Amino acid sequence: MTRALLSAAIDSDWKLVSQGRPCPVCGAIDTCGVHVVDDFVCCANAPSEWKLTNGAWLHRLQAPQLVAQVAEMPAHRAPAANANGLRF
């Protein structure tokens, strides 16, 4: 099983989940992310119709209060690339 991680500049609109703000889909406190503008969750644990290239699944949030909770989460910062351009 592959663990999904959010990375790269394109993912700057996503916030990682945490113990204080678990994934609204599966309840995980790591590996998942929530989009800061749209009502979407990138869940590494719960399958959906939309499998992503990072091994996770895309879910659309249904409840407006979940979106409000996401807005309060700190932004995810992608790690800097090493000399070979790899991110860890």
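The residue of the stretch 28-55 that is surrounded by the fewest Cβ atoms within 10 Å (Cβ to Cβ), among those that are closer than 16 Å to residue 12 by Cβ and not acidic (Asp, Glu), is 37. Yes or no: the stretch 46-59 includes at least one residue that is touching a Lys or Arg at 6+ places or on another chain (Cβ under 7 Å), modelled with pLDDT under 90 and not basic (Lys, Arg). No, the stretch 46-59 has no match at all. Here residue 11 passes the criteria (1) open to solvent by less than 60 Å² (accessible area, probe 1.4 Å); (2) touching a Pro at 6+ places or on another chain (Cβ under 9 Å); (3) at pLDDT 60 or above except the one numbered (2).
The values are calculated or read from the model by the stated rules, or taken from the named source; none is laboratory data. The structure displayed is predicted, hence computed values, not measured ones. Cβ: placed from backbone, ideal geometry, glycine included. Neighbour counts: every protein chain shown. For accessibility, only protein heavy atoms count, side chains too; no ligands or nucleic acids. Shrake-Rupley method; radii C 1.70, N 1.55, O 1.52, S 1.80 Å.
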